[in-house]
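Student: Before I ask anything, let me first share the structure, which is written out below as structure tokens.
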């Protein structure tokens with residue numbers, strides 16, 4: 001039986017099993033009569049695993065925090081609010097990018113905004129169902145795709161998923177297309193996707 005990570009109002013993180021709202025572990029939840037989430041962490045409880053680099057997940061032993069910026073171990077500022085929303089929905093991210101168009105040439109392609117996270121198949125299905133309800137409101141064509149990724153800590157392949165901006169829907173010239181995609185993704189779509197993950201975190205998947 002698949003464990004419901006949103007049981008009792010909790011939001012248990014995928015790979016740590018710790019509620020991102022109150023800090024309770026799955027073991028404590030199961031062994032102590034399944035107490036409901038109170039939304040406040042205590043000092044003795046474990047903290048969640050957060051995104052420390054754009055390509056790897058590392059465990060922060062003290063608090064679910066990250067630094068915003070463009071250096072190593074930092075989350076880029078325009079994607080950081082979406083990364084935060086994914087965390088609050090109960091998922092652990094392992095990669096993100098706000099998008100870049102610097103130094104484009106005939107041999108390079110622009111990189112648009114994306115965020116990737118771990119999730120079991122049933123959880124990803126729920127995300128996809130909610131995503132389809134929001135998709136018609138987006139200014140860009142966003143794809144939701146998954147695959148197996150090698151987890152650094154466990155050295156095991158686990159399911160990972162990405163929500164990625166693939167381009168603005170409105171027709172435009174090639175140079176305008178890139179600029180329009182970046183601006184629409186940042187200013188219109190990312191705020192909407194933040195709302196989407198808030199909805200995902202507040203509603204249990206159908207069983």
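Read-outs: derived from the displayed coordinates by stated rules, not from any lab. Keep in mind it's a predicted model, so treat the numbers as computed, not measured. Don't worry about glycine lacking a Cβ; one is built from the backbone with ideal geometry, like all the others, and counts go over all protein chains shown.
Student: Arrange the following residues from fewest to most other Cβ atoms within 10 Å of their Cβ: 70, 118.
Tutor: With the fewest neighbours first, 70, 118 line up as 70, 118.
Student: Can you work out the FRET efficiency for the pair residue 135 and residue 30, with r the C-beta to C-beta distance and R0 = 35 Å, to the nearest 0.05? Don't skip to the answer; put the middle values down first.
Tutor: Working: r = 36 Å, r/R0 = 1.03.
About 0.45, to the nearest 0.05.
Student: Hey, fewest Cβ within 10 Å first, where do 68, 194 land in order?
Tutor: 68, 194
Student: Here is a further query. Express in nm, to one decimal, how much length is gained between residue 158 and residue 72 on full extension, taking 0.36 nm for each residue of separation and deducting their alpha carbon distance.
Tutor: Residue separation times 0.36 nm, minus the Cα-Cα distance, leaves 28.6 nm.
Student: Along the Cα→Cβ direction, 7 angstrom out, place labels at residue 199 and residue 170. What is the inter-label distance in nm?
Tutor: Result: 2.3 nm between the two label points.
Student: Could you put 139, 116, 73 in order, starting from the residue whose Cβ has the fewest other Cβ atoms within 10 Å?
Tutor: 73, 139, 116
Student: Quick check on the stretch 123-165: take the gyration tensor over C-alpha atoms, sort the square-rooted eigenvalues as a ≥ b ≥ c, and tell me if it's rounded (a/c under 1.5), prolate or oblate.
Tutor: Prolate, because a/c is 1.5 or more and a/b exceeds b/c.
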